[in-house]
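Colleague: Before I ask anything, let me first share the structure, which is written out below as structure tokens.
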Amino acid sequence: MFQAAAAAFSDRGFDGVGVDEIAAIAGVNKAMIYYHFTDKLELYREVVRDMLRDASVRVTAIAESDRPAPLRLETFIAAFVEMADARPWFPTLMLREMAEGGPRLDPDTLVLMRSVFVAFARIVQEGQATGAFRSVNLVLAYMSTIGPLLLNAARERAARQPGRSDLPMFVEVPHAVLAAHMQQVALDMLRIKP
């Protein structure tokens, strides 16, 4: 049921899918959904929080490790790629939600989102304190790191549409290559320039 809801919300957005459709996809009756969730909004928020809880725990542990900041940043990025692989519905769902202005992001969800940003900021600030990273706007650095990962997921979804396999922008990029590329981009962005 949860996976069916996550995929449906990702494909069509919150307003584009109803509880009846989610129940049909999941092979359960609607009453089963309402047994676990008071309404569609609660189900949607739980789908979003599921990923954010995992992300918060993982990236907070990375930020709190005693490894050098550049290695923690590389691990942070690799973890995001792994988490998106585990929940392929999440990047496009979040892009859609953010493009709509985040109307369904309640305080509990925003706390989880904040914790992910705080972990990133801690890594960067500690890198700055040790002289590994230059001074940057933390919000812009975060968006420059996470944004391309989310956009790549949307690009991959577009690439799966029929008749697009010959277009250069839709060529498959292995996720190990994506992670390595974004690690290098982030380190280049933060590196102190001579």
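The values are calculated or read from the model by the stated rules, or taken from the named source; none is laboratory data. What you see is a predicted model; the values in this text were computed from it and never measured. Here the Cβ positions follow ideal geometry from the backbone for every residue, glycine too, while neighbour counts run over all protein chains shown.
Colleague: Condition first: modelled with pLDDT of 95 or more and more than 24 Å from Glu21 (Cα to Cα). Can you find one or more residues in segment 90-104 that meet it?
Modeller: yes
Colleague: Kindly check whether there is at least one residue in segment 89-98 that is surrounded by fewer than 18 Cβ atoms within 10 Å (Cβ to Cβ) and among the acidic types (Asp, Glu).
Modeller: no
Colleague: Ok, one more. Could you go through segment 59-74 and let me know if any residue there is under 27 Å from Phe117 (Cα atoms), surrounded by 14 or more Cβ atoms within 10 Å (Cβ to Cβ), under 14 Å from the mean Cα position of the chain (by Cα) and touching a residue at least 40 places away in the same chain (Cβ under 8 Å).
Modeller: So far as segment 59-74 goes, yes, one or more of its residues are under 27 Å from Phe117 (Cα atoms), surrounded by 14 or more Cβ atoms within 10 Å (Cβ to Cβ), under 14 Å from the mean Cα position of the chain (by Cα) and touching a residue at least 40 places away in the same chain (Cβ under 8 Å).
Colleague: Follow-up. Quick one: Ser144 ticks every box in (1) in contact (Cβ under 8 Å) with a residue 12 or more places away in the chain; (2) of a type in the set (Ser, Thr, Tyr); (3) assigned to a loop (DSSP other than H, G, I, E, B) except a single one, so which number is it?
Modeller: If we test Ser144 against (1) in contact (Cβ under 8 Å) with a residue 12 or more places away in the chain; (2) of a type in the set (Ser, Thr, Tyr); (3) assigned to a loop (DSSP other than H, G, I, E, B), just (3) comes out false.
Colleague: Against the conditions (1) modelled with pLDDT of 95 or more; (2) crowded, with 18+ Cβ neighbours inside 10 Å; (3) polar (S, T, N, Q), where does Ser10 fall short? Just the number, please.
Modeller: Condition not satisfied by Ser10: (1).
Colleague: Still on this model: Going by the structure shown, is Glu74 among the charged types (D, E, K, R) and more than 21 Å from Gly13 (Cβ to Cβ)?
Modeller: Yes.
Colleague: Can you find, within segment 147-194, the residue that is surrounded by the fewest Cβ atoms within 10 Å (Cβ to Cβ) among those that are assigned to a loop (DSSP other than H, G, I, E, B) and touching a residue at least 24 places away in the same chain (Cβ under 8 Å)?
Modeller: Out of the qualifying residues, it is Lys193.
Colleague: Continuing with the same structure: Name the pairs: first residue in segment 99-123 and farther than 30 Å from Phe133 by Cα, second residue of a type in the set (S, T, N, Q), Cβ to Cβ under 6 Å, at least 6 apart or on different chains?
Modeller: Close Cβ pairs (under 6 Å, with a partner that is of a type in the set (S, T, N, Q)) do not exist here.
Colleague: Next question, about the same structure. Does Arg114 count as more than 21 Å from His181 (Cα to Cα) and either surrounded by 15 or more Cβ atoms within 10 Å (Cβ to Cβ) or aromatic (Phe, Trp, Tyr) (or both)?
Modeller: Spelling it out, it is not the case that Arg114 is more than 21 Å from His181 (Cα to Cα) and either surrounded by 15 or more Cβ atoms within 10 Å (Cβ to Cβ) or aromatic (Phe, Trp, Tyr) (or both).
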